[in-house]
Amino acid sequence: MIKYITETTDYLISKGFENPDIGIILGTGLGQLVDEIDILHEVSYNHIPNFPTATVEFHKGKLIYGNLEGKKVVVMQGRFHIYEGYSLQDVTYPVRIMQQLGIHTLLVSNAAGAINLNFKKGELMLIEDHINLQGSSPLAFKGVEHLGERFADMSAPYDADINSKFETIAKEHNINLHKGVYASVVGPQLETRAEYRMLKTIGADAVGMSTVPEIIVANHLKLKAAAVSVLTDECDPNNLKPVDINDILAMAAKAEPDMITLFKELIKNL
Ligand code: HPA
């Protein structure tokens with residue numbers, strides 16, 4: 001693994017990806033943040049040695065380097081999910097690379113279903129903590145101890161200082177930013193009514209199919225990490241309607257301007 005990481009990192013440095021401050025994983029609902037970046041370099045995932053190959057049709061699959069609000073950023077346009085058949089190590093490989101390039105902070109966005117029915121679709125939720133329901137760990141492999149501590153601490157996986165900055169920004173800009181616990185599932189099927197009941201019982205406020213592996217690895221590497229969900233549907237087990245993917249995408253698009261404001265203002269203040 002270390003040999004692969006070095007090879008990938010050296011390649012990206014040769015393409016000009018030098019000393020970024022912040023890594024950003026653009027999930028659903030933050031794609032247009034790219035338009036705000038002064039892009040200096042970009043490389044398709046399929047040109048980067050040892051990178052998993054991009055497959056999701058909704059994403060373009062590029063690593064971008066540039067300036068955003070006075071900071072050097074490296075941005076993943078398109079992420080990898082286990083439901084596409086990638087391993088948890090594949091999914092989190094880019095986080096290890098961004099850390100080697102020099103980032104100190106990882107920011108993540110995603111789309112999620114609202115389990116907490118006080119939250120409405122089209123609103124945003126700051127992730128305060130998570131529940132990993134993906135059945136495994138991105139740290140469960142031979143040799144992990146050469147890359148960080150095997151028994152990585154998870155007492156505070158989301159940076160309290162960044163989260164309080166997010167809350168201040170939300171107040172200043174009149175953005176309704178909820179706070180809660182995100183549960184990650186494998187997917188790609190959505191949940192049954194019984195599963196939504198279980199998620200509520202175990203303390204989840206939102207559910208999605210990403211983010212937790214990347215946050216675990218960010219903590220393994222002692223990066224500061226934070227994540228925001230756009231709530232795209234309401235998961236009420238007593239009144240469950242079939243999910244329409246177009247509705248999900250429309251809700252993500254609706255929340256996108258607020259999400260972009262939160263991220264831009266945060267980065268300005270980091
Ligand atoms: N489950 C339910 N609803 C969702 C999800 C999910 O994983 N992601 C976005 N909306």
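Values in this text are rule-based calculations from the coordinates and carry no lab data. Please read these numbers as outputs of a predicted model, since none were measured by experiment. Neighbour counts run over all protein chains shown; Cβ positions are idealised from the backbone, glycine included.
Here segment 69-91 and segment 1-35 have alpha carbon centers that stand 9 Å from each other.
What is the extension gain from Asn174 to Phe151, computed as 0.36 nm multiplied by their sequence separation minus the C-alpha to C-alpha distance, in nm to one decimal?
Extra length available between Asn174 and Phe151 comes to 4.3 nm.
Extending 7 Å from Cα along the Cβ direction at Lys268 and again at Lys254 yields two label points whose distance is 2.7 nm. Which residue fluctuates the most in the chain, going by a Gaussian network model with Cα springs under 10 Å, if the choices are Ser109, Ser14, Ser155? Judging by the Gaussian network model, the answer is Ser155. Under the convention that each Lys and Arg Cβ holds +1 and each Asp and Glu Cβ holds -1, the size of the dipole of segment 78-137 around its Cα centre is about 100 debye. Structure remark: mean-square fluctuation, Gaussian network model of the chain, C-alpha springs under 10 Å; the largest value among Tyr11, Tyr158, Tyr182 belongs to Tyr11.
The chymotrypsin sites (Phe, Trp or Tyr not before Pro) found in segment 50-134 that occupy coil by DSSP, while having at most 12 further C-beta atoms within 10 Å, are Phe58.
Radius of gyration over Kirkwood radius for the chain, both on Cα atoms: the Rg/Rh ratio is 0.94.
Please list, by residue number, every one of the GluC sites (Glu not before Pro) in segment 136-168 that is coil in DSSP and has at most 10 other beta-carbon atoms within 10 Å. Walk me through the numbers before you get to the answer.
On the way: sites: Glu145, Glu149, Glu167; in loops: Glu149.
Passing sites in segment 136-168 do not exist.
In a fully extended conformation the segment linking Ile13 and Leu133 would gain 39.7 nm over its present Cα-Cα distance, using 0.36 nm per residue.
Magnitude of the charge dipole for the chain, about its Cα centre and with charges confined to Cβ atoms of Lys, Arg (+1) and Asp, Glu (-1), is about 280 debye.
What separates the Cα centres of segment 147-167 and segment 174-219 is a distance of 17 Å. Under a model in which nothing but the beta-carbon of Lys, Arg (+1) and Asp, Glu (-1) is charged, segment 143-248 shows a dipole of about 160 debye around its Cα centre.
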